[in-house]
1. Taking the criterion of being small (G, A, S), touching a helix residue (DSSP H, G or I) at 6+ places or on another chain (Cβ under 8 Å) and in a helix (DSSP H, G or I), would at least one residue in region B:137-154 satisfy it?
2. Would you confirm whether any residue within region B:46-61 is within 14 Å of chain A (Cβ to nearest Cβ) and crowded, with 21+ Cβ neighbours inside 10 Å?
3. Please state which one of B:F81, B:F132 is within 8 Å of chain A (Cβ to nearest Cβ) and more than 22 Å from B:T208 (Cβ to Cβ).
4. Does region B:250-263 contain any residue that is open to solvent by less than 20 Å² (accessible area, probe 1.4 Å), in a loop (DSSP other than H, G, I, E, B) and either in contact (Cβ under 8 Å) with a residue 12 or more places away in the chain or among the aromatic types (F, W, Y) (or both)?
5. Go through the residues of region B:238-246 one by one and say whether even a single one is under 13 Å from the mean Cα position of the chain (by Cα) and either of a type in the set (D, E, K, R) or in a loop (DSSP other than H, G, I, E, B) (or both).
6. Report yes if B:D227 is under 28 Å from B:L145 (Cβ atoms), in contact with a Pro (Cβ under 9 Å, 6 or more places away or on another chain), in contact (Cβ under 8 Å) with a residue 60 or more places away in the chain and surrounded by fewer than 19 Cβ atoms within 10 Å (Cβ to Cβ), otherwise no.
7. For region A:330-370, which residues satisfy the criterion of being open to solvent by less than 50 Å² (accessible area, probe 1.4 Å) and at positive phi?
8. What is the number of the single condition among (1) aliphatic (A, V, I, L, M); (2) open to solvent by less than 40 Å² (accessible area, probe 1.4 Å); (3) within 14 Å of chain B (Cβ to nearest Cβ) that A:M271 does not meet?
Amino acid sequence: MKAFERFTLPIAGFAAFLALWYGVVAATTPAPRRPASLGFADPHDGAALFVVVDPEQHRVVSDVLPLDRAKRLDAIEKLRIVLGEHQPTVAAVPRGTGKSGALPETIEAAKNEFGGGLVVGEIEAQGEAAEQAERRALAMQEKRQLYETWLPKPHEAFAALFEMIPTGEMFRHIVASVMRVAIGFAIAVCLGIPFGLAIGSFARVNALANSLIQVLRPISPIAWLPVATLLFQGGDVAAIYLIWLCSFFPITISTAAAVATVDLKYRRSAMNFGVHGIELARSVLLPASMPAILTALRVSIGICWVVVVAAEMLGVEQGLGYLVLDARNQLRYDRVVAAMIVIGVIGLLIDMTMRRFERTELERRGLLRT
Amino acid sequence: MSHLGDVFATAPSGASQPAQAEPPRRSKIVVRDVHKTFKTKKGNVPVLEGVSFEVREREFLAIVGPSGCGKSTILNCIAGFEPFESGSIEVDGQPVVRPSKKRVFVFQETGIFPWLSVWDNIGFGLGRAMPFEQKNEIVMRYIDLVGLRGFEKALPNELSGGMKQRVEFARALAVDPDILYLDEPFGALDALTRLEMRREIVRIWKTTGKTCLLVTHDVEEACELADRVAVMTRRPATIQEVIPNPLPRPRDPDLKGFRDLKARVFALLGVERRV
């Protein structure tokens, strides 16, 4: 591999991914749905003209609504028929018709009956009232093209990301997630390594704990989610518990396995010098197992970072997992994807940091294979 | 070796008597009729079938035998690392039940800890409780003995194979044992380093007056180093014969006496030497 390819090939990889992303989104995005539009004008006293334009921008129907208070029910009924067929989202109320008080009231009543989605505006009646109403309805429809919620294209996701950075919102979520992982992982390290050493060193501890761990280990942290939420009443503790859970078993098992395979000559050397028990574990088994333990730490902090997103989907109000869920609930898929990008980048940074730590630690301990 | 004089000057007190000046007499290690069987899935494989021999105080005894004959096994049994089924192994009249600091094992491939510096490795057997001053004095004495001054802080992976083996010897000697068990200690070294290390081990043995029990498949090595050479049979192993080696040191492998001794060992092993 040539030197420049070291840089150009990864960039090409990313470019290919972005192109694929764009292609998939562009190909699957549903066509925009333009609902029927409704326009009103005020041709003469005591009546209002309304025009409905369908998505193909043809006039569907126009009629004159009596603005007489007494005939309001008729007017609503007429609107109901029209709205029922075409579900307009735009209505323009002619200025000045408010004087009689009947038309806005009529539209309001119709809106309530047909639910949300009816936007009411006012237009001025000038010249030929019907034409004016129609033109207004068309103009409104142009602006109000409604898209179905769909996946963002790359630039939209990055736009959402850069929108959340200066406000400090993204930072807040990142800090929350990183803190949870740091605390849960630290507890797992502090408990898992000694426990693994004990299992690897003492046959009785192994007999006691090994089968239990083998049963508990395959239970996904996600499966623990309901239990954790109830037990710890949700919140930070539940999330930290899940982080701890997903890293404790891999660390313990890897440490125990590494201890079990420590070179016999190291054990015998130590035995020969009268070193045994806890001192053997501390001064020989732990350092001899260090390469495997460091790898286990790197792998399990990766798992933690995966699990924290799931753990934050219940009972917390900060963190990248919360951000994903919250953005989804708001149908802000651009933010969902922005959060995914951040999760990936931070995961990469964590892995790089751990690799560097692993390397320097092995080097310092003279265990680096060259 | 230019630092030989220094080494003798700094050698541990009471240990500078060359072993050859005064022929060893008292039995240090007594092995009687030891049997051992390896249990495998395909059945029991007898490894040792009535191994008996003695090592005298301050003696250098070498056990030679074909590969896989059980020489390392008998050494592990003597060191207390492995159990055996019947027979007895006694050191200083006491049966061996577990390893002891008084009898240190030097491993085939270096058993020094890669995560500890040369200084820490040599001081390992002295325990953590020993005050630094005292420990430093002992460690530095043995660093000098094996000629590694200046490498105290080096980690094993910064050292050559021969230097690592010197660290291993120094670590074993630092606890001032009576006996060194050497399990093909030069097996992993290149031919030139091996020659150098043989001279070194003879020098250390003469300087410190330890009893040495060497296991090797290298007949020349056994003949160069040992006062007596015990020849083992193929598995299941017994001792065929223990050949005394009265050749004066330093020994020259090209002299007739040496060649005759080697020929005798090869004959016992049943190996045709001419290729």
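The values are calculated or read from the model by the stated rules, or taken from the named source; none is laboratory data. It should be emphasised that the depicted structure is a prediction, and the values quoted were computed from it without experimental measurement. Cβ coordinates were reconstructed from backbone atoms using ideal geometry, including for glycine residues, and neighbour counts include every protein chain displayed. Heavy atoms of the whole protein, side chains included, go into the accessibility calculation; ligands, DNA and RNA do not. Shrake-Rupley method; radii C 1.70, N 1.55, O 1.52, S 1.80 Å.
1. Start the filter on region B:137-154 by keeping residues that are small (G, A, S), which leaves B:147, B:150, B:154.
Then keep just the ones that are touching a helix residue (DSSP H, G or I) at 6+ places or on another chain (Cβ under 8 Å); that gives B:147, B:154.
Then drop every residue that is not in a helix (DSSP H, G or I), which leaves none.
No; the residues of region B:137-154 include none that is small (G, A, S), touching a helix residue (DSSP H, G or I) at 6+ places or on another chain (Cβ under 8 Å) and in a helix (DSSP H, G or I).
2. Residues of region B:46-61 that are within 14 Å of chain A (Cβ to nearest Cβ), as a first pass: none.
Checked region B:46-61: no residue is within 14 Å of chain A (Cβ to nearest Cβ) and crowded, with 21+ Cβ neighbours inside 10 Å.
3. Among B:F81, B:F132, only B:F81 is within 8 Å of chain A (Cβ to nearest Cβ) and more than 22 Å from B:T208 (Cβ to Cβ).
4. So far as region B:250-263 goes, no, none of its residues is open to solvent by less than 20 Å² (accessible area, probe 1.4 Å), in a loop (DSSP other than H, G, I, E, B) and either in contact (Cβ under 8 Å) with a residue 12 or more places away in the chain or among the aromatic types (F, W, Y) (or both).
5. So far as region B:238-246 goes, no, none of its residues is under 13 Å from the mean Cα position of the chain (by Cα) and either of a type in the set (D, E, K, R) or in a loop (DSSP other than H, G, I, E, B) (or both).
6. No: the conditions fail for B:D227.
7. A:G366, the sole residue that qualifies.
8. (2)
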